[in-house]
1. Would you please state which residues of segment 16-37 a label at Asn79 would reach in this model, taking the label point 7 Å out along Cα→Cβ and a backbone N cut-off of under 18 Å?
2. What are the ³J(HN,Hα) couplings of segment 169-175, residue after residue, when phi is run through the Karplus curve with 6.51, -1.76, 1.60 and θ = phi - 60°? Round to Hz, x for glycine and proline.
3. Once the Cβ-Cβ distance between Lys19 and Asn159 is put in as r, and R0 is 25 Å, what FRET efficiency do you end up with, to the nearest 0.05?
4. Please report the carbon-and-sulfur percent of the accessible area for segment 61-175; probe 1.4 Å, protein heavy atoms only, DNA, RNA and ligands left out.
5. Below 18 Å, Cα to Cα, which lysines can Lys19 reach? Residues fewer than 8 away in the same chain don't count.
6. Label 7 Å along Cα→Cβ of Tyr43; segment 73-103 residues with amide nitrogen under 18 Å?
7. Nearest 0.05, what FRET efficiency do Glu169 and Val2 give at R0 = 41 Å with Cβ-Cβ as r?
8. Could you work out the relative contact order of the chain, using alpha carbon pairs under 8 angstrom and six or more residues apart, expressed as a whole percent?
Amino acid sequence: YVQVASLGQCPIHSYLDPKCPNRQRHAKVIKRWSEISAGTLQYEYDPHGWDHLQAPKWGSRRISEDFEFFRSIGGWGYNIEGLLAWTSTGLNYWLRGKLAWEPEADVDELIERFCNEFFGPAARPMLRYYRRTEKTLYDTHVHYHNNFGEDYLSIYDRNYLDASLDDLEQAKALA
């Protein structure tokens with residue numbers, strides 16, 4: 001087996017995302033390794049970057065698509081390294097555990113379940129916050145690698161920040 005590390009890759013988009021040339025290039029490398037070896041094991045860094053910036057870095061759709069990609073090439077497993085920083089990656093870790101057991105699960109339903117179980121009465125505003133963040137990240141034209149920097153911060157515009165703050169304030173009032 002070959003373990004393929006995701007260092008140097010765009011962590012926002014999936015291997016199946018046609019708008020991310022970085023991940024497409026790495027997908028070709030991983031696919032080739034799967035063809036010439038007994039199998040591949042993905043070694044993922046989550047979150048990518050070592051600046052410890054506690055900005056949201058959720059990627060449910062990306063994670064689900066990456067699971068689909070690895071299944072399609074006979075991927076053997078997943079190994080995760082990262083910070084246990086709940087505010088930036090908690091959903092990612094929880095989701096990977098769920099998808100490992102049920103790879104065909106509906107990601108939107110899983111996110112809703114996550115919010116209901118973890119936020120109780122504050123689930124609705126938190127669900128809006130999570131979904132907005134995921135859509136903002138998934139739709140971005142920004143592709144960064146190991147350091148977040150200004151490009152990463154540019155993803156979160158004023159409208160996103162204002163709406164997210166409103167959701168977090170509502171969630172706080174309901175908690």
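The values are calculated or read from the model by the stated rules, or taken from the named source; none is laboratory data. Owing to the predicted nature of the structure, the values given are computational and were not obtained by experimental measurement. In this analysis, Cβ positions are derived from the backbone assuming ideal geometry, glycine residues included, and neighbour counts consider all displayed protein chains. In case anyone asks, the SASA skips ligands and DNA or RNA and just uses the protein heavy atoms, side chains included. Shrake-Rupley method; radii C 1.70, N 1.55, O 1.52, S 1.80 Å.
1. 30-31, 33-34, 37
2. 5, 5, 4, 4, 5, 8, 6
3. Values: r = 21 Å, r/R0 = 0.86.
Computed FRET efficiency for Lys19 and Asn159 comes out at 0.70.
4. So the carbon and sulfur contribution to the accessible surface is 53 percent.
5. Result set, ordered by chain and number: Lys28, Lys135.
6. Hits in segment 73-103 for Tyr43 at 18 Å: 75-83.
7. 0.30
8. That works out to 26 percent.
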